[in-house]
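Everything on this sheet refers to the single structure shown next.
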Amino acid sequence: MLQRSSKRPEQRLSLGRRLVRDRVLLLFALPGTALIVAFHYVPLLGNIIAFKDYQPFLGIGGSDWSGWDNFSVIFNGDPAFLRALKNTLILTSLQSIFVFPAPILLALLLNSLFSERIKRIAQSILYLPHFMSWVIVVALFQQMLGGSGLLNNYLRSHDLSTVNIIGNSELFHVLLTSQIIWKDTGWATILFLAALSQIDSQLYEAASVDGATRMRQLWHVTLPGLRGIIILLFILRLGDSLTVGFEQIILQQQAVGRDISEVLDTYVYNNGVLGGAWGVAAAVGLVKGIVGVVLVLTANKVAHIFGEQGVYQR
């Protein structure tokens, strides 16, 4: 005669008991959480100046309310704002097309190296530019491609015509994109290399037995293994899609002028910090942040529709 199992279903612990159980982990997480709250969430309260005629000497509380007046540059299509928006969208498009896929391609190339020693040396060299500040990176490019740089000095020494790259407004967006690729592509390969290491080698062996070429293995084994991390990083990239490199651009803005180099971040700086239009700058920054959040949520929803996990689970 069969006996019923006396095992009872596990009861869910109350919130208090879970806090006691995980108290050590929570204590470890407390300093980082405090820093995030203090420097990321508390400053969000300052966005209230987007709705005020903010005067620093009066403070937030003493400044008069202005309603939606500060948003008129957006709603009415201020030429300077539209120019900054146009340049931002151009750089966003270039970075999405060329910068985002670059570490994927480089990771695939490094993963194809058979010598682990060569792979480690190559990774160390490629990681190095990421730790350089933009001041150093811009200075290096000026020393190489500037009017008195290495390239033009070589051309002069051989009686050849010089080229204007650093101060050429037509090449400015391409220059910015190439600088980002040079600086951050190597560092960005870390996540993709980690994902590649998790792909089961038996899948490659089975594909090889079936007669799949290297290209077929790349298409049917490698890329599907990277799909999750690619979608995750692309969604996160959308959140920063309107942030195209403040420090990098402000260091080179004087060489080409604001017409071609002004983006939303420099627009906020030039009008807020330098121009004193704090409310207008806060309004533009607030709208920029809201658009980033909407893009992330929308892209994450689309990822869920296609069966991917996205940034967070449903």
Once HIS304, HIS40, HIS158 are ranked on solvent-accessible area with the largest value leading and a 1.4 Å probe, the list reads HIS40, HIS158, HIS304
Given a 1.4 Å probe and heavy atoms of the protein chains only, how would you sort TYR312, TYR54, largest accessible area at the top?
TYR312, TYR54
At a Förster radius of 25 Å, what calculated FRET efficiency corresponds to the Cβ-Cβ distance of VAL287 and SER169, to the nearest 0.05?
0.40
Label the chain by shape, choosing from rounded, prolate and oblate, from the square roots a ≥ b ≥ c of the eigenvalues of the Cα gyration tensor; if a/c is under 1.5 it is rounded, and otherwise prolate applies when a/b is larger than b/c, oblate when it is not.
oblate
Efficiency of FRET from Cβ geometry, GLN254 and LEU82, R₀ 22 Å, rounded to 0.05
0.50
Find, among the chymotrypsin sites (Phe, Trp or Tyr not before Pro) in the stretch 81-141, those assigned to loop by DSSP (not H, G, I, E, B) with at most 15 other beta-carbon atoms within 10 angstrom.
PHE114
Can you list the residues, at least 5 places off or on another chain, whose amide H is less than 5 Å from the amide H of LYS52, using H built in the peptide plane?
SER66
Averaged per residue, the 1.4 Å probe accessible area of the stretch 113-204, protein heavy atoms only, in Å², is roughly 62
Roughly to the nearest percent, how much of the accessible area of the chain is carbon and sulfur, given a 1.4 Å probe?
64
Give me the distance in nm between label points sitting 7 Å out from Cα along the Cα-to-Cβ direction at SER96 and SER124, one decimal.
3.9
Site ASN111, offset 7 angstrom along Cα→Cβ, radius 11 Å on amide nitrogen, limited to the stretch 210-234, gives 218-230
Quote the FRET efficiency, to the nearest 0.05, computed for VAL135 versus SER197 with a Förster distance R0 of 41 Å and r equal to the Cβ-Cβ distance.
0.75
If contacts are Cα pairs under 8 angstrom and at least 6 residues apart, what is the relative contact order of the stretch 69-306 in percent?
29
Find the eigenvalues of the gyration tensor of the Cα atoms of the stretch 145-294, then list the square roots of 5 times those eigenvalues as equivalent ellipsoid semi-axes, largest first, in whole angstrom.
40, 28, 10
Sorting ASN153, VAL244, GLY211 by the position of each Cα along the dipole of the chain (Lys, Arg +1; Asp, Glu -1; all at Cβ), the one nearest the positive end of that ordering is GLY211
Pairwise label distance in nanometres, TYR154 with VAL209, each label 7 Å out on the Cα-Cβ vector
5.2
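The values are calculated or read from the model by the stated rules, or taken from the named source; none is laboratory data. Just so it is clear, the model here is predicted, and its values are computed rather than measured. Methodologically, a virtual Cβ is constructed for each residue, glycine included, from the backbone with ideal geometry; neighbour enumeration extends over all protein chains shown. To get the accessible areas, we keep the full protein, side chains included, count just its heavy atoms, and leave off ligands, DNA and RNA. Shrake-Rupley method; radii C 1.70, N 1.55, O 1.52, S 1.80 Å.
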